[in-house]
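For reference, the structure discussed in these notes is given below.
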């Protein structure tokens with residue numbers, strides 16, 4: 001099943017992805033090289049940046065990275081001597097994966113690192129598929145979900161193979177599957193009580209450092225898991241009290257795993273006031289102008305990074321781009337917009353809510369049959385609010401059934417629906433217009449929700465009725 005999905009996916013074509021002119025992508029490559037070869041946690045060269053060289057010279061991306069450095073600087077040691085300018089990158093998980101690849105095989109080229117990144121993404125989807133099968137999903141349902149995932153990944157691979165955007169779908173898929181998997185493990189096992197909660201904490205930190213806006217998704221699914229365990233059908237009386245005690249330990253282990261990843265791998269304090277995460281209010285403020293509307297034009301708000309600094313300087317003229325002061329200034333500016341223009345701001349968000357997801361469902365950018373099928377099923381819902389209600393209802397029904405029956409597969413239905421709903425809410429708040437690079441996880445999750453609902457309908461139709469005498 002997985003072999004068929006992989007062999008038919010354009011993600012695994014022989015053509016290597018290209019490095020695009022994206023500051024985060026290029027900075028991540030530079031920092032990864034410097035971290036792996038020079039041992040600097042988060043610093044750049046005082047001269048030409050290795051990421052920019054790899055972007056401007058496609059031939060260099062096919063050479064071993066040590067050879068590229070030697071040709072430009074004479075030796076790796078000479079280059080590392082220039083890596084003395086501390087820089088804090090936001091969302092560091094992509095950089096960490098690239099650095100780990102070069103640490104394991106220092107002779108890798110950038111193309112080789114790209115293959116490693118693709119293999120990691122494929123492994124994430126394989127994990128999701130195996131968990132679904134373990135929890136009782138049909139082979140056909142698993143195949144169509146994985147086929148759709150690889151189809152979306154294939155569309156991203158040529159331009160975003162070295163970008164965090166190509167990891168969003170895969171990260172969301174693993175997060176959705178982790179909690180039902182943990183619930184399916186034998187209750188007394190140390191793995192379920194100690195190891196898996198810590199693993200989930202580490203994984204959540206990895207996902208949030210890949211995309212800061214996925215923090216609500218990780219936290220929301222963790223809370224759903226806590227509710228599922230605390231309220232499950234077998235947890236009553238003294239056993240319920242004991243289970244709640246274990247849940248308190250599990251929550252502490254999740255928090256500890258999260259903190260461990262942050263402390264061990266995320267560089268802090270060396271790049272001035274720059275944040276190691278993406279600022280919250282930068283996209284929230286700029287998205288008031290997406291789609292363009294009369295109110296945003298009157299305030300000079302556009303979906304353009306450069307505009308953010310102009311708006312922040314209206315509150316704090318000394319704020320530096322992407323600094324803590326910058327985020328605080330934009331937070332003040334955003335709250336002030338609601339205080340001064342509540343009717344206009346409400347109108348902006350009502351329009352965004354109605355628009356969200358509609359272009360995604362009507363799109364034709366992923367021609368694979370599985371994605372077309374998912375979009376065809378969803379096409380009856382022509383409003384963002386209706387689209388949001390679909391995974392919400394699925395999540396609520398899935399949780400009610402789980403609390404009644406205790407089957408971990410029903411928790412998978414719950415986490416899938418809840419994750420899709422949370423991503424839709426993010427789309428309503430930030431980017432309601434459809435862009436595959438932003439909405440790849442949302443597109444795949446909605447296709448998966450549609451497939452699960454079709455499977456549920458088939459199961460109900462095939463269920464035998466009551467016997468008659």
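The values are calculated or read from the model by the stated rules, or taken from the named source; none is laboratory data. Owing to the predicted nature of the structure, the values given are computational and were not obtained by experimental measurement. Positions of Cβ are generated from backbone atoms using ideal geometry, with glycine treated the same way; all protein chains shown enter the neighbour counts.
If you check 443, 436, 401 for being surrounded by fewer than 23 Cβ atoms within 10 Å (Cβ to Cβ) and at pLDDT 95 or above, only one passes: 436. Quick check on residue 198: is it in contact with a helix residue (DSSP H, G or I) (Cβ under 7 Å, 6 or more places away or on another chain), crowded, with 22+ Cβ neighbours inside 10 Å and part of a helix (DSSP H, G or I)? No.
All conditions but one from (1) under 23 Å from the mean Cα position of the chain (by Cα); (2) surrounded by fewer than 20 Cβ atoms within 10 Å (Cβ to Cβ); (3) within 30 Å of residue 147 (Cβ to Cβ) apply to residue 387; the one that does not is (2). The selection criterion, being in a loop (DSSP other than H, G, I, E, B), surrounded by fewer than 16 Cβ atoms within 10 Å (Cβ to Cβ) and touching a residue at least 60 places away in the same chain (Cβ under 8 Å), holds for residue 291.
The helices (runs of 4 or more DSSP H) located wholly in region 21-85 that include 2 or more residues which are surrounded by fewer than 22 Cβ atoms within 10 Å (Cβ to Cβ) and free of Cβ contacts under 8 Å to residues at least 24 places away in the same chain occupy 50-56, 65-73, 76-80. Summed over region 304-330, residues that are crowded, with 18+ Cβ neighbours inside 10 Å and within 25 Å of the chain's Cα centre (by Cα) total 6. Looking across 292, 310, one residue alone is at pLDDT 90 or above and more than 17 Å from residue 429 (Cα to Cα). It is 310. Considering the conditions (1) on the phi > 0 side of the Ramachandran plot; (2) surrounded by fewer than 18 Cβ atoms within 10 Å (Cβ to Cβ); (3) touching a residue at least 24 places away in the same chain (Cβ under 8 Å), residue 91 is excluded by exactly one of them, (2). In region 370-384, the residue that is surrounded by the most Cβ atoms within 10 Å (Cβ to Cβ) out of those that are within 19 Å of residue 155 (Cα to Cα) and either touching a residue at least 12 places away in the same chain (Cβ under 8 Å) or touching a strand residue (DSSP E or B) at 6+ places or on another chain (Cβ under 8 Å) (or both) is 374. Selection of first residues in region 108-128 that are touching a residue at least 40 places away in the same chain (Cβ under 8 Å) and at negative phi and of second residues that are surrounded by fewer than 20 Cβ atoms within 10 Å (Cβ to Cβ) and in a loop (DSSP other than H, G, I, E, B), restricted to Cβ pairs under 7 Å at least 6 apart or on distinct chains, gives the following pairs, ordered by first then second residue: 109/63. Being at pLDDT below 95 and either farther than 25 Å from residue 213 by Cβ or in contact with a helix residue (DSSP H, G or I) (Cβ under 6 Å, 6 or more places away or on another chain) (or both) holds for only one residue in 83, 116, 87, 146, and it is 83.
Residues are listed down the side, and each one gets a yes or a no for (1) modelled with pLDDT of 95 or more; (2) surrounded by fewer than 22 Cβ atoms within 10 Å (Cβ to Cβ); (3) within 27 Å of residue 25 (Cβ to Cβ):
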{"position": "173", "(1), (2), (3)": "yes, no, yes"}
{"position": "179", "(1), (2), (3)": "no, no, no"}
{"position": "193", "(1), (2), (3)": "no, yes, no"}
{"position": "236", "(1), (2), (3)": "no, yes, no"}
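Okay, residues lined up against (1) touching a residue at least 40 places away in the same chain (Cβ under 8 Å); (2) more than 24 Å from residue 369 (Cα to Cα):
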{"site": "390", "(1), (2)": "yes, no"}
{"site": "401", "(1), (2)": "no, yes"}
{"site": "414", "(1), (2)": "yes, yes"}
{"site": "419", "(1), (2)": "yes, no"}
{"site": "424", "(1), (2)": "yes, no"}
{"site": "432", "(1), (2)": "yes, yes"}
{"site": "441", "(1), (2)": "yes, no"}
{"site": "458", "(1), (2)": "no, no"}
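Considering the conditions (1) closer than 20 Å to residue 413 by Cβ; (2) surrounded by fewer than 22 Cβ atoms within 10 Å (Cβ to Cβ); (3) modelled with pLDDT of 80 or more, residue 232 is excluded by exactly one of them, (3).
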